[in-house]
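The values are calculated or read from the model by the stated rules, or taken from the named source; none is laboratory data. Everything numeric here is computed off the predicted structure, so don't read it as measured data. Note that each Cβ is placed from the backbone with ideal geometry, even for glycine, and that neighbours are counted across all protein chains shown.
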Amino acid sequence: MSSAISSTTAPSATPSSTASSNSPASAAALVTSQGIGSGLNIPAIVSALTSSYGAAQTNQLNAQQTGLNTEMSAYGTFKSALETLQAALTPLQSAGALAGYTATVADKTIASATTSAGAAAGQYTLQVQNLATPAILTSSPFTSANTVVGTGTLTIGVGSASTSISVGSTNDTLAGIAAAINAASNNPGISASVLTTTAGARLVLTGTATGAANAITVTQSGGDGGLAALAYDPAAGTTSLTQTQAAQDANFTLNGYPATSSSNVVSGAISGVSLTLLAQTATGASTTLSVAPDTSGAQTSIGTFVTALNGVLTSIQSLTGYDPTTQTAGPLNGNATLQSFQNQLQNILGQVQTGAGSGAIQSLANLGITANAQGTYDSNASTLGNALSGNLAGVEGLLSGSSGLASRINSLVSGFTQTGGLLDTITQGLQTGLSNVAKQQAALNAQLATYSATLTAQYNAMDAAVAALKQTQTYLTAEFNQGSTQGSQQSSSSLSSGTTNTTFGG
């Protein structure tokens with residue numbers, strides 16, 4: 001006897017369309033942002049790993065770049081100090097530039113004076129009999145500036161130069177003639193104007209140059225003859241114009257000796273002195289012209305040199321030294337180039353002239369310039385002033401000329417600062433080093449970019465895989481939960497409705 005138990009169960013559930021769309025394959029396709037699947041901050045991880053991977057080489061290249069830039073800046077500081085010193089040496093190299101002179105006129109209303117190269121100390125008695133003047137011619141009065149004078153040709157001469165001016169119906173008035181004279185392209189040195197007074201309008205011709213050689217003549221020809229009223233040629237007996245001032249040379253005396261000049265600016269009477277005559281001296285009176293050494297200019301130049309010299313020495317100390325208090329070394333600590341320059345400079349500064357007599361200027365110490373404990377130089381203004389006043393030639397001998405201290409220092413500095421000099425060579429080497437570092441940095445950056453891209457691809461693949469696994473887990477969980485729920489519901493429904501049949505068989 002056999003028995004069989006048969007159960008009627010509900011059809012198995014079919015996954016919904018939503019569940020189908022959440023399959024593992026579609027889950028991978030839906031990952032569009034890094035870290036969605038795994039929850040990891042992939043960009044940050046990749047960045048950290050890339051930085052760590054290139055850190056050692058990056059730090060090394062950055063350190064090289066910083067060191068080279070620091071050296072470049074240090075050498076630039078040194079070169080700037082040298083150029084300042086070189087500029088301060090210029091007025092010391094030439095004896096004429098160092099030994100300046102000043103000229104002073106006691107009565108400043110009579111004359112003024114300036115000095116130039118070749119001046120020498122001296123004192124002179126100056127008398128001015130008359131100043132140099134230009135010629136001035138004036139016409140007879142006309143009714144007004146617009147009064148017609150006449151037509152024809154005016155020939156105006158100043159000294160050996162002359163020009164011809166055509167006067168027609170468009171410029172035949174007094175004002176028109178003045179304008180034509182002034183506009184002449186080859187004007188020989190005449191300024192024309194119209195002077196209007198109660199008596200009428202007059203044409204005034206004024207020479208632009210002083211001196212007896214610059215007398216003015218005016219002749220006329222052609223036309224209606226009206227221009228004869230403006231003619232002036234004393235040699236030919238024509239004096240229609242009135243000479244209100246004659247062209248004359250300046251007449252003056254120096255120490256009682258007469259002299260003349262076509263100009264009131266006299267440059268050849270005293271060596272290295274230019275006189276500007278301003279007024280005539282009273283009869284029997286005179287004024288004094290004094291030429292003396294200008295030690296103030298020399299003191300200023302030497303003071304500027306000492307300041308610039310100390311600037312170089314301080315720069316060397318700062319760049320090459322070591323501060324034990326802060327335990328900080330200069331950027332060029334122990335640099336042989338700067339130490340060599342300093343040694344050569346000290347040798348020149350310590351130069352002593354031999355064979356000079358008592359009171360001679362033999363060294364910088366005689367000018368009050370002495371080394372101090374700080375490695376720079378002090379300057380005593382009183383000692384320097386006495387040296388310049390008492391022995392200017394000796395100061396020139398020490399500082400100026402081809403063998404003077406200034407020229408020797410300048411030659412030393414030029415070897416470092418000139419184009420193609422030592423500092424140029426060093427700078428070019430540093431620039432080459434910086435260029436090489438830049439190339440290595442570019443190559444490293446390219447390598448790190450490739451490394452970063454590889455890591456990103458690997459992490460993204462892992463992230464997609466994790467996302468797919470999570471989607472599969474979600475799908476399976478939903479399926480199991482759905483099947484369990486449906487089976488339970490159908491069993492309960494069958495039992496309650498009596499649809500379960502039991503058959504016994506034997």
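Could you please find all residues in the stretch 126-161 being within 20 Å of VAL266 (Cα to Cα) and aliphatic (A, V, I, L, M)?
Hits for the stretch 126-161 are LEU126, VAL128, LEU131, ALA132, ALA135.
Taking the condition exposed (fewer than 14 other Cβ atoms within 10 Å of the Cβ), part of a helix (DSSP H, G or I) and modelled with pLDDT under 65, does SER493 pass? If you could, list the steps in order and put the result at the bottom.
Details: exposed (fewer than 14 other Cβ atoms within 10 Å of the Cβ): yes; part of a helix (DSSP H, G or I): yes; modelled with pLDDT under 65: yes.
So SER493 passes the test.
Among the numbered conditions (1) touching a Ser or Thr at 6+ places or on another chain (Cβ under 9 Å); (2) surrounded by 15 or more Cβ atoms within 10 Å (Cβ to Cβ); (3) modelled with pLDDT of 90 or more, tell me where SER80 comes up short.
All conditions are met except number (2).
From SER407, SER382, SER340, grab the single residue that is surrounded by 13 or more Cβ atoms within 10 Å (Cβ to Cβ), part of a helix (DSSP H, G or I) and either in the same structural domain as THR90 (by TED's automatic domain parsing) or not β-branched (Val, Ile, Thr) (or both).
SER407
Which residue pairs have Cβ atoms under 6 Å apart, sit 6 or more places apart or on different chains, and have a first residue in the stretch 45-73 that is in the same structural domain as LEU430 (by TED's automatic domain parsing) and a second that is of a type in the set (Phe, Trp, Tyr)?
Cβ pairs passing all conditions: THR50/TYR451; TYR53/TYR451.
Identify the residue in the stretch 103-150 that is β-branched (Val, Ile, Thr) and surrounded by 19 or more Cβ atoms within 10 Å (Cβ to Cβ) and, among all such residues, is nearest to GLN280 (Cα to Cα).
Our first condition is that a residue be β-branched (Val, Ile, Thr); within the stretch 103-150, this holds for 104-105, 109-110, 114-115, 125, 128, 133, 136, 138, 143, 147-149.
If we keep only those that are surrounded by 19 or more Cβ atoms within 10 Å (Cβ to Cβ) as well, we get 105, 110, 115, 128, 149.
Working: VAL105: 14, ILE110: 7, THR115: 22, VAL128: 5, VAL149: 39 Å.
Checking each candidate, the answer is VAL128.
Tally time: how many residues in the stretch 448-473 are without any contact (Cβ under 8 Å) to a residue 24 or more places away in the chain and either over 11 Å from VAL46 (Cα atoms) or aliphatic (A, V, I, L, M) (or both)?
6
Could you tell me whether any residue of the stretch 95-105 is at pLDDT 95 or above and over 20 Å from SER296 (Cα atoms)?
The answer is no, given that none of the residues of the stretch 95-105 is at pLDDT 95 or above and over 20 Å from SER296 (Cα atoms).
For residues that are under 54 Å from the mean Cα position of the chain (by Cα) and among the β-branched types (Val, Ile, Thr), tally how many sit in the stretch 170-195.
4
Farther than 30 Å from THR287 by Cα, buried (at least 16 other Cβ atoms within 10 Å of the Cβ) and either in contact with a Cys (Cβ under 9 Å, 6 or more places away or on another chain) or of a type in the set (Asp, Glu) (or both) - does that describe any residue in the stretch 248-260?
Going through the stretch 248-260, the residues farther than 30 Å from THR287 by Cα turn out to be none.
Checked against the condition, which is being farther than 30 Å from THR287 by Cα, buried (at least 16 other Cβ atoms within 10 Å of the Cβ) and either in contact with a Cys (Cβ under 9 Å, 6 or more places away or on another chain) or of a type in the set (Asp, Glu) (or both), the stretch 248-260 yields no hits at all.
Quick check on the stretch 219-233. Is at least one of its residues without any contact (Cβ under 8 Å) to a residue 12 or more places away in the chain and hydrophobic (A, V, I, L, M, F, W, C)?
no
Could you tell me which of the residues THR456, THR425 is hydroxyl-bearing (Ser, Thr, Tyr), assigned by TED's automatic domain parsing to the domain that holds ILE316 and modelled with pLDDT under 90? Spell out how you get there, then give the answer.
Working: THR425 fails: modelled with pLDDT under 90.
Going through THR456, THR425 in turn, just one is hydroxyl-bearing (Ser, Thr, Tyr), assigned by TED's automatic domain parsing to the domain that holds ILE316 and modelled with pLDDT under 90: THR456.
Inside the stretch 287-340, can you point out the residues that are touching a strand residue (DSSP E or B) at 6+ places or on another chain (Cβ under 8 Å) and within 18 Å of THR84 (Cα to Cα)?
Those that are touching a strand residue (DSSP E or B) at 6+ places or on another chain (Cβ under 8 Å) and within 18 Å of THR84 (Cα to Cα): ILE302, GLY303, VAL306, LEU309, ASN310, LEU313.
Would you mind telling me which numbered condition in (1) farther than 30 Å from GLU71 by Cβ; (2) in a loop (DSSP other than H, G, I, E, B) GLY303 fails?
All conditions pass for GLY303, except number (2).
Before we move on, is ASN182 surrounded by fewer than 18 Cβ atoms within 10 Å (Cβ to Cβ) and assigned to a loop (DSSP other than H, G, I, E, B)?
No: the conditions fail for ASN182.
If THR283 satisfies every condition in (1) more than 23 Å from GLN129 (Cα to Cα); (2) in the same structural domain as GLN123 (by TED's automatic domain parsing) but one, which is the exception?
Unmet for THR283, out of (1) more than 23 Å from GLN129 (Cα to Cα); (2) in the same structural domain as GLN123 (by TED's automatic domain parsing): (1).
How about the stretch 306-337: which of its residues are assigned to a loop (DSSP other than H, G, I, E, B) and of a type outside the set (Val, Ile, Thr)?
Listed by number, the residues that qualify are GLY321, PRO324, GLN327, GLY330, PRO331, LEU332, ASN333, GLY334, ASN335.
Of these, ALA201, ALA192, which one is out of contact with any His (no Cβ under 9 Å at 6 or more places or on another chain), surrounded by 18 or more Cβ atoms within 10 Å (Cβ to Cβ), farther than 24 Å from ALA215 by Cβ and aliphatic (A, V, I, L, M)?
Of ALA201, ALA192, the one residue that is out of contact with any His (no Cβ under 9 Å at 6 or more places or on another chain), surrounded by 18 or more Cβ atoms within 10 Å (Cβ to Cβ), farther than 24 Å from ALA215 by Cβ and aliphatic (A, V, I, L, M) is ALA201.
Go through the stretch 130-166 and count every residue that is under 13 Å from SER221 (Cβ atoms) and in a loop (DSSP other than H, G, I, E, B).
So the answer is 2.
What pairs come out if I take residues in the stretch 430-444 that are under 14 Å from ALA63 (Cβ atoms) and pair them with residues that are of a type in the set (A, V, I, L, M) and assigned to a helix (DSSP H, G or I) whose C-beta lies under 8 Å away, six or more apart or interchain?
Short answer, once both residue conditions are applied: GLY433/LEU68; LEU434/LEU68; LEU434/MET72; VAL437/LEU61; VAL437/LEU68; GLN440/LEU61; GLN441/LEU61; LEU444/LEU61.
Of all the strands (runs of 3 or more DSSP E) wholly in the stretch 200-263, which have at least 3 residues that are touching a Lys or Arg at 6+ places or on another chain (Cβ under 6 Å)?
none
As an exercise: evaluate VAL437 against (1) under 30 Å from TYR53 (Cβ atoms); (2) β-branched (Val, Ile, Thr); (3) within 29 Å of the chain's Cα centre (by Cα) and give the number of the one condition it does not meet.
The failed condition is (3).
Please go through (1) small (Gly, Ala, Ser); (2) under 13 Å from ALA360 (Cα atoms); (3) within 32 Å of the chain's Cα centre (by Cα) for SER379 and return the number of the only condition it doesn't satisfy.
Evaluating SER379 over (1) small (Gly, Ala, Ser); (2) under 13 Å from ALA360 (Cα atoms); (3) within 32 Å of the chain's Cα centre (by Cα) leaves (2) as the failure.
Does the stretch 203-244 hold any residues that are among the hydroxyl-bearing types (Ser, Thr, Tyr) and under 23 Å from GLY152 (Cα atoms), and which are they?
Residues of the stretch 203-244 that are among the hydroxyl-bearing types (Ser, Thr, Tyr), as a first pass: 206, 208, 210, 217, 219, 221, 232, 238-240, 242, 244.
Once the filter is applied, which keeps residues that are among the hydroxyl-bearing types (Ser, Thr, Tyr) and under 23 Å from GLY152 (Cα atoms), the stretch 203-244 yields THR206, THR217, THR219, SER221, TYR232, THR238, THR239, SER240, THR242.
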